[in-house]
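Read-outs: derived from the displayed coordinates by stated rules, not from any lab. On a predicted model such as this, the values are computed, not experimentally measured, just so you know. Cβ: placed from backbone, ideal geometry, glycine included. Neighbour counts: every protein chain shown.
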Amino acid sequence: MISEETRHLLDNAETVDITTIGRSSGQPRRIEIWMHAIAGRYIITGTPGPRDWYANLLANPSMTLHLPNDVDLPAVATPVLDEGSRREVFTAERTWWYRSQVDLEELIATSPMVEMRF
């Protein structure tokens with residue numbers, strides 16, 4: 001069960017850190033990344049192209065989300081493959097930056113994207 005304070009952090013955080021397990025090394029890998037709270041879902045995505053964080057999560061979906069105020073949440077990442085869900089994410093107001101960098105249809109078709117469940 002997530003506290004109200006943690007839910008507030010989840011809903012308002014934009015830049016977070018995540019720790020994944022390296023698919024080859026088996027070692028923890030921590031990076032800073034953007035997170036988006038969209039329609040009650042917590043999404044990590046990026047512009048098209050290979051991403052180590054995504055490859056790590058495909059190999060081992062367990063991860064840790066590091067929020068402000070030293071809140072660390074264990075999570076499981078599930079790839080978002082459904083075109084409708086991907087379109088909903090990339091047309092949301094919070095993801096405007098991606099659309100300023102890459103054509104919307106390319107984002108929907110080829111960007112790495114996972115939904116986190118806590």
>> Which GluC sites (Glu not before Pro) in segment 72-104 sit in a loop by DSSP (not H, G, I, E or B) and have at most 12 other Cβ atoms within 10 Å of their own Cβ?
In response: none
>> Tell me the net charge near His66. Cut-off is 15 Å between Cβ atoms, His66 excluded, with +1 for each Lys or Arg and -1 for each Asp or Glu.
In response: -3
>> Taking θ = phi - 60°, what integer Hz values does the Karplus form 6.51 cos²θ - 1.76 cosθ + 1.60 yield along segment 3-16, in sequence order, with x for Gly and Pro?
In response: 5, 4, 4, 5, 4, 4, 4, 4, 6, 10, 6, 10, 9, 9
> Once phi is turned into ³J(HN,Hα) by the Karplus curve 6.51 cos²θ - 1.76 cosθ + 1.60 with θ = phi - 60°, what whole-Hz value does each residue of segment 103-118 show in order, with x for glycine and proline?
Replying inline: 3, 3, 5, 5, 4, 4, 6, 10, 6, x, 7, 9, 9, 9, 10, 10
>> For the chain, what does the relative contact order come out to in percent, with C-alpha contacts under 8 Å and a separation of six or more?
In response: 29
>> What's the magnitude of the charge dipole for the chain around its Cα centre, counting Lys and Arg as +1 and Asp and Glu as -1 at the beta-carbon? Answer in Debye, nearest 20.
In response: 320
>> Sorting check: for 61-70, 2-11, which peptide has the highest mean count of neighbouring beta carbons within 10 Å, and how do the rest follow?
In response: 61-70, 2-11
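Neighbour counts of other C-beta atoms within 10 Å: give me Thr15, Thr47 arranged from fewest to most.
Going from sparsest to densest Cβ surroundings: Thr15, Thr47.
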> Taking θ as phi - 60°, what are the ³J(HN,Hα) couplings along segment 42-58 by the Karplus curve (6.51, -1.76, 1.60), each to the nearest whole Hz, with x for Gly and Pro?
Replying inline: 10, 10, 10, 8, x, 6, x, x, x, 9, 4, 4, 5, 4, 4, 6, 5
>> Taking the number of other C-beta atoms within 10 Å as the exposure measure, put Trp97, Trp53 in order starting with the fewest.
In response: Trp97, Trp53
